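Student: This is the structure, below, for whatever I ask next.
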Amino acid sequence: MHRSNRTISSAESVKILKLLEAILVPADQFRKQVQISLAQILGLHRSIFWLADAQGRLIDPLPYNVGDRLMDDYVNHFYQFDVLHPENMKQGIARDGVLQIDDILSPSEYEKTEYYKCFMYKYGYYYQMGVYFQTGNKLLGAIGMARSRNERAFTAKDARSLELIAKHIAKALADQSVVAEADDHKRLFAAQAESSPDGLIFFEPPLRIHYANSAAREICAALVGEQCRGNPVESFIRNVLSIHWGNWHMGLEKTLAASALDEVLIRILPSQPVEGQLGNHRLYAIQLMPESGACRLGAGTGGDRGLSYQLTAKEREVYSLIAKGLTNAQIADQLCISHNTVKRHLQNIYKKMNVRNRTGLCYKLNGRR
């Protein structure tokens with residue numbers, strides 16, 4: 001494909017700007033909107049938009065005006081003969097990120113290939129172009145496009161437009177990848193924190209709570225006691241930290257008695273600046289640890305101890321799973337009951353075992369008063 005003239009006409013520029021404006025959509029709509037815009041604005045009516053995994057392999061194809069049988073044939077067999085597939089490019093992907101088959105094979109060579117004779121010809125296609133989205137040497141995704149022999153061939157003008165557009169799509173995919181990775185880490189952190197018997201709080205003074213796990217809410221309620229009004233974490237910061245230790249901003253490690261928990265070790269880590277914030281924004285982390293780690297679920301034989309409190313059979317099942325460290329959601333899944341039913345059983349267990357909450361129950365499980 002001859003691309004010696006790389007200048008962009010004013011008409012092409014208008015189309016490119018229109019397309020870039022059209023694809024300013026949420027991440028979950030992005031790929032489909034790119035394909036729609038390529039069809040409506042540039043006349044590229046058939047496409048497959050792939051993402052790439054960490055190893056640069058194409059995954060998760062999104063077809064547009066492409067049949068299911070063609071997709072099945074390609075994914076299950078013919079991709080290995082496609083000279084535009086990244087895994088088949090011995091010389092690597094071109095720097096400009098746009099290739100046609102005739103950049104690699106002459107028409108006569110192409111027409112002799114199994115890929116053309118058994119795949120492209122079968123589905124009525126002849127011309128094919130690939131657009132590759134990269135950041136540095138990392139492949140983020142690609143779009144494959146095809147046309148029949150009765151349609152016009154892809155031109156140098158098509159390639160020029162796609163080269164410019166590809167840079168913006170690559171930037172968007174890179175940004176989405178960073179956000180997705182951060183979301184994955186956040187979900188993993190939350191899942192681990194929710195299963196911990198220790199309380200964990202992240203906040204900005206005076207009372208902007210970024211995160212507090214379930215154990216933190218329960219421990220704060222026990223520490224605040226009768227002073228609790230509304231959110232127990234906010235009540236703890238307002239009524240306990242500020243009253244007992246006015247200099248907690250410098251970091252803290254103190255033990256405090258709680259009505260339902262004996263004693264709790266309170267540790268405040270030195271503050272860190274909040275990334276991306278202007279001004280004097282500081283983020284603090286608070287750890288709330290029941291004395292000697294006594295509240296770590298699963299340390300005792302919970303099911304056996306439940307017998308002495310006249311629990312029902314179902315309550316003993318719930319009690320036993322709490323002793324193993326399962327969350328309410330996990331208990332509901334394992335016992336095939338609703339979350340509300342789990343909560344109802346827990347309330348009955350609390351009442352029979354004379355504790356106020358799950359954290360107090362931890363002490364019973366571990367033989368504490």
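Here, each number is a calculation from the coordinates, and none is a lab measurement. What you see is a predicted model, and the numbers here were worked out from it, not measured in a lab. Neighbour counts run over all protein chains shown; Cβ positions are idealised from the backbone, glycine included.
Student: Ranking Met250, Met145 by Cβ neighbours within 10 Å, fewest first, what do you get?
Tutor: Least crowded to most crowded, the residues run Met250, Met145.
Student: Taking Cα atoms of region 10-185, Rg/Rh with Kirkwood Rh, to two decimals?
Tutor: Rounded to two decimals, Rg/Rh equals 0.95.
Student: Under a 5 Å amide H to amide H cut-off, with H placed in plane at 1.01 Å, what residues pair with Ala52 once short-range neighbours are removed?
Tutor: Ile59, Gly141
Student: Once you've got the Cα coordinates, tell me which of Lys254/Lys343; Lys112/Lys138; Lys254/Lys351; Lys186/Lys343; Lys32/Lys157 are over 29 Å apart.
Tutor: Where the Cα-Cα span goes over 29 Å, the pairs concerned are Lys254/Lys343; Lys112/Lys138; Lys254/Lys351.
Student: Take Arg356 and Asp102, extend 7 Å from each Cα along the Cα→Cβ direction, and tell me the distance between the two endpoints in nm.
Tutor: 8.0
Student: Further question: When Asp73, Asp183, Asp333, Asp82 are ordered from fewest to most other Cβ atoms inside 10 Å of their Cβ, what list results?
Tutor: Asp183, Asp333, Asp73, Asp82
Student: Turning to a different aspect of this structure: Under a straight-distance cross-link criterion of Cα-Cα below 26 Å, which lysines are reachable from Lys117, leaving out those fewer than 8 residues away in the same chain?
Tutor: Lys90
Student: Quick one: what are the phi-derived ³J(HN,Hα) couplings along region 171-181, Karplus 6.51/-1.76/1.60 with θ = phi - 60°, whole Hz, x for glycine and proline?
Tutor: 4, 5, 5, 5, 5, 5, 5, 5, 5, 4, 5
Student: What's the extension gain from Val75 to Phe189 if we count 0.36 nm per residue and subtract their Cα-Cα distance?
Tutor: This chain segment gains 37.5 nm when fully extended.
Student: So how much slack lies between His249 and Val179, counting 0.36 nm per residue of separation and subtracting their Cα-Cα distance, in nm?
Tutor: 22.1 nm
Student: Pop out the ³J(HN,Hα) list for region 134-139 in order, Karplus 6.51 cos²θ - 1.76 cosθ + 1.60 with θ = phi - 60°, rounded to Hz; leave Gly and Pro as x.
Tutor: Along region 134-139, the couplings run 9, 10, x, 9, 9, 7 Hz.
Student: If you don't mind, another one. Per the Kirkwood formula on distinct C-alpha pairs, the Rh of region 157-222 is how many angstrom?
Tutor: Hydrodynamic radius (Kirkwood, Cα pairs) of region 157-222 is 15.2 Å.
Student: Can I ask one more? Evaluate E = 1/(1 + (r/R0)^6) for Asn348 and Val25, where r is the Cβ-Cβ distance and R0 equals 45 Å; express this FRET efficiency to the nearest 0.05.
Tutor: Efficiency for this residue pair is about 0.35.
Student: In region 177-191, whose amide N lies under 20 Å from the spot 7 Å out along Cα-to-Cβ of Leu62? List them in ranges.
Tutor: 177-184
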